[in-house]
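Student: There's a structure below that I have some questions on.
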Amino acid sequence: MADKSESKGEMTTPVQLISSRDAWKAFETHQQKIGELHLRKLFTEDPKRGDRFAIEAAGISLDYSKNRITQAWPAAPNSRSNDKSQ
């Protein structure tokens, strides 16, 4: 049975697995480096972590200081606009 999009003559875009994207590979590399870090150590090394990794806008607060991220992660190619593998 033919796909509906084929029967209408529409073109389809091939789907790329997320794990093959540059951003995903950067995430995996970052995770390997910090996967064993304990949050206690991260807070000890950076007493202002709670302030630096928190944002507030439109009355909504987001505190991501309690995640295993470092200052290096936000600079990683983590958005589709920076991902050359699209």
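The values are calculated or read from the model by the stated rules, or taken from the named source; none is laboratory data. This structure is a prediction, so every number in the text was calculated from the model and none was measured. Neighbour counts are summed over all protein chains in view; Cβ atoms, including those assigned to glycine, are modelled from backbone coordinates with ideal geometry.
Student: Restricting attention to the range 29-53, which residues are more than 14 Å from I69 (Cβ to Cβ), of a type outside the set (S, T, N, Q) and assigned to a helix (DSSP H, G or I)?
Tutor: Result: R40, D51.
Student: Shifting gears a bit: Among the residues of the range 51-86, what is the count of those that are modelled with pLDDT of 90 or more, of a type in the set (S, T, N, Q) and surrounded by 13 or more Cβ atoms within 10 Å (Cβ to Cβ)?
Tutor: Residues flagged as modelled with pLDDT of 90 or more, of a type in the set (S, T, N, Q) and surrounded by 13 or more Cβ atoms within 10 Å (Cβ to Cβ) within the range 51-86 amount to 1.
Student: Run down K48, K41, K25 and say which single residue is modelled with pLDDT of 85 or more and surrounded by 12 or more Cβ atoms within 10 Å (Cβ to Cβ). Break it down into steps so the answer makes sense when it comes.
Tutor: Working: K48 fails: surrounded by 12 or more Cβ atoms within 10 Å (Cβ to Cβ); K41 fails: surrounded by 12 or more Cβ atoms within 10 Å (Cβ to Cβ).
Only one candidate qualifies: K25.
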